[in-house]
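**Student:** Sharing a structure, written as C-alpha cells. Questions coming.
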Amino acid sequence: MDGVSRRHFVAGAAALAAAGCRGGSVVTGPESRGGAVATSQRVASEAGAEILRAGGNAVDAAVAAAAALALAEPCSTGLGGDMFALVYDAASKKVSGINGSGRAPAALTREIAARAWTAGHGNTVTVPGACAGWCDLLARHGTRAMKDVLAPAIRLAEEGFAVGAHTAHSWDLGAGQLRRSPGGKDLLPPPRAGERFRNPALARSFRAIADGGRDAYYKGEIGRAVVKVVRENGGLLSEADLAAHASTWDEPISTTYRGLRVWECPPNGQGITALLALNILEGVDLRSTGPLGPERWHLLIEATRLAFADTRWFVADPAVTRVPANELLSKSYAAERRKLLDPKRAAADVRRGSPVAGSDTVYFCVVDARGNACSFINSNYMGFGTGLAPEGWGFTLQNRGFCFSLEEGHPNVVAPRKRPYHTIIPGMLTREDGSLYAPFGVMGGYMQPQGHLQVVVGLVDDGLSPQAALDRPRFCVDAEHVALEEGLPAATADALRALGHATKPGVSGFARALFGRGQIIRRDSDGTLTAGSDPRADGAAVRA
C-alpha cells in the first residue's frame with residue numbers, strides 16, 4: 001500500500017467507521033474486520049450493510065444493494081436491465097459466476113432488425129435478466145428470503161432518498177428518453193441534486209417480486225406490461241420469450257498476473273479483454289516506469305487496443321458461436337501479441353471495430369465477515385436504455401440488443417434467442433493459495449475492461465490502496481482517440497501525442513464519468529477489509 005494513503009487511512013479510520021467513505025469527498029475507504037459494501041450510491045451501500053448487520057451474507061447484501069441502486073440510479077440500472085456476478089465462497093475458496101443477461105426475441109432475425117435498428121427501437125430490448133439473476137443468485141448462495149432482502153429498497157422507494165449530484169446530471173440528460181412512453185412519468189420530472197425522490201411504482205414491483213418471486217416478473221403482470229410497451233414500439237418480444245428466460249451458471253475465466261489470479265465472467269461478456277491485456281503486460285516491466293509517465297501509459301493503451309482487436313470480433317454467445325477463450329488466454333498467444341508492442345510509436349489496430357465509451361451501468365461489491373465476496377454488475381446499457389417503461393412499474397427497459405452486429409457472418413450477428421456481446425463485467429482477485437484478495441470492478445460500457453486493467457495495475461504493480469487506485473487519472477480508448485482524464489501531467493499528454501496517439505486531454509467535471517466508476521474491497525490475510533469508492537460517482541464504501 002502507498003504510504004500517503006495508508007497514513008490518511010489510519011488517521012481517519014475512527015471517523016469513517018460510522019459514516020463510511022464517500023467517493024469524491026473523502027478519499028479513503030473504511031477499514032474493518034467485519035463486512036463492507038461499496039457502491040455508487042450511499043443509500044445502496046447502507047442497504048447492503050443493513051442486511052449484513054442483520055446476519056445476511058455477501059450475496060444477500062449484494063441483492064439488497066442492487067435493488068436500492070435500481071431506485072437510486074435508474075439512469076444506469078434497474079429491473080429492466082441485465083446482471084452478471086462473481087461469487088467467492090470462503091469455505092471452498094471457489095469462484096462461481098452467474099450470467100443474468102437476456103436473449104433476443106425468438107421472432108427476431110437479422111433481416112427484421114436491419115429494417116429499423118436504432119438504440120431506442122423496441123427490438124433492441126432483449127429479455128431483461130436482472131430479476132431472474134437476483135432470484136437465482138439468492139437461491140444458490142444466499143441465506144435470506146427475497147422479501148427480507150428487498151425490504152430496504154421498498155422502504156427507500158416509499159419514503160424517498162436524496163439524489164446525488166452525478167446522478168441528477170445523468171438523469172437530466174436522459175429525461176428525453178423517459179418521455180417516449182406513458183410509464184416514463186414515474187421517473188419524471190428529473191430530480192435536482194439533493195432533492196428527495198420517491199418511486200412508489202418501483203416499490204410495487206419489488207413487493208410483487210418479494211411475494212411471487214421471478215414468476216411475478218416473467219409470467220405475471222409485470223411481464224405483460226413489459227411486452228405491451230415493447231410491442232407498442234415496434235418490438236417482437238413476447239410473453240413466451242419472458243417465460244422461457246433462464247440465467248446460466250458459467251465457469252469463470254481467469255489468468256495469472258504477478259502472483260494473483262484475475263477472474264472474469266466468460267463471453268458473452270467482455271471481461272476476457274482485460275485478461276488479454278494483462279497477459280500481454282505481464283511480460284513487461286511496468287514497475288520501472290512512472291505510474292503517470294508516457295512510457296507506462298503508452299504500453300497500457302497499446303495493450304488495450306490489441307486486446308479489443310480480438311474481443312470485438314470473437315466475443316459472442318458461446319451457446320450459438322464457438323468462442324476460442326482458451327486459445328485467446330494462453331500465455332503463448334500473449335507472447336505473440338506482445339511482440340506487436342512498439343515502445344516508440346502508436347500502432348493501434350482498429351480494423352475489427354474499436355470500442356465506444358459509455359457509463360450507464362452500476363458496479364458494486366460486498367465482502368462479509370466470513371470472507372465471502374460478491375462482485376456484482378447491473379445495467380440498462382445506454383442511460384435509461386430504450387427509455388421505454390412498462391406503465392405503473394417504475395423502471396425502464398434496456399437496449400442491450402443494440403450491441404449485436406448486423407454484419408452477416410459476424411460471430412455476434414443478431415439471431416433469435418441469442419445473447420448479444422455484453423459490456424458489463426464484474427472482476428475478482430484471489431491469491432495463489434486461493435484466498436480472497438479483492439472483488440473489484442469499473443462500470444461504464446467499453447471502458448470497463450480498460451478500467452479493470454488500470455486498477456489492477458495500480459493495486460498490483462504499484463501497491464496502491466483501493467481508494468488510491470480508483471482516484472488515479474485514467475485513459476479511455478475509443479474508435480478514434482484516447483481520452484485523458486484531468487490530473488495527468490501535461491508532459492505525459494504531450495509525449496503520448498508525439499508517439500502518435502490522437503489524444504483528448506484534460507477531460508474533467510461530470511464528463512469524468514467517461515472513465516468509469518469503480519468499487520474495490522481488499523481483504524488482507526488477517527481479515528482486515530479496506531474499501532474504496534470512485535470519486536466519479538455519488539457512492540460510498542460502508543462498514544457493516
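**Student:** Mind listing whichever residues of segment 446-464 are open to solvent by 10 Å² or more (accessible area, probe 1.4 Å) and either within 21 Å of CYS374 (Cβ to Cβ) or under 19 Å from the mean Cα position of the chain (by Cα) (or both)?
**Tutor:** Across segment 446-464, the qualifying residues are TYR446, GLN454.
**Student:** Now a separate question. Of the residues ALA153, ALA139, which single one is open to solvent by 10 Å² or more (accessible area, probe 1.4 Å), within 30 Å of GLY97 (Cα to Cα) and assigned to a helix (DSSP H, G or I)?
**Tutor:** Criteria check complete, one pass: ALA139.
**Student:** Tally the residues that are assigned to a helix (DSSP H, G or I), crowded, with 17+ Cβ neighbours inside 10 Å and either among the acidic types (Asp, Glu) or in contact with a Phe, Trp or Tyr (Cβ under 7 Å, 6 or more places away or on another chain) (or both), restricting the search to segment 301-327.
**Tutor:** Selection size over segment 301-327: 3.
**Student:** Any residue at all in segment 225-233 that is under 17 Å from VAL125 (Cα atoms), open to solvent by 50 Å² or more (accessible area, probe 1.4 Å), among the aliphatic types (A, V, I, L, M) and touching a residue at least 40 places away in the same chain (Cβ under 8 Å)?
**Tutor:** no
**Student:** A further question follows. Report, by residue number, each residue of segment 466-506 that is at positive phi and either surrounded by 20 or more Cβ atoms within 10 Å (Cβ to Cβ) or under 27 Å from the mean Cα position of the chain (by Cα) (or both).
**Tutor:** Within segment 466-506, GLY487, GLY506 meet the criteria.
**Student:** Within segment 516-524, does at least one residue satisfy the condition of being closer than 28 Å to ARG53 by Cβ, of a type in the set (D, E, K, R), open to solvent by less than 10 Å² (accessible area, probe 1.4 Å) and under 17 Å from the mean Cα position of the chain (by Cα)?
**Tutor:** no
**Student:** Also, quick follow-up: Which of the residues belonging to segment 255-277 are open to solvent by 30 Å² or more (accessible area, probe 1.4 Å) and hydroxyl-bearing (Ser, Thr, Tyr)?
**Tutor:** THR256
**Student:** What are the residues in segment 278-296 that are open to solvent by less than 10 Å² (accessible area, probe 1.4 Å) and in contact (Cβ under 8 Å) with a residue 40 or more places away in the chain, if any?
**Tutor:** LEU278, ASN279, ILE280, LEU281, LEU286
The values are calculated or read from the model by the stated rules, or taken from the named source; none is laboratory data. From a predicted model like this one, the values you see are computed outputs, not experimental measurements. So basically every Cβ, Gly included, is an ideal-geometry build from the backbone, and we count neighbours across all protein chains shown. The accessibility values were calculated without ligands, DNA or RNA, using every heavy atom of the protein model including side chains. Shrake-Rupley method; radii C 1.70, N 1.55, O 1.52, S 1.80 Å.
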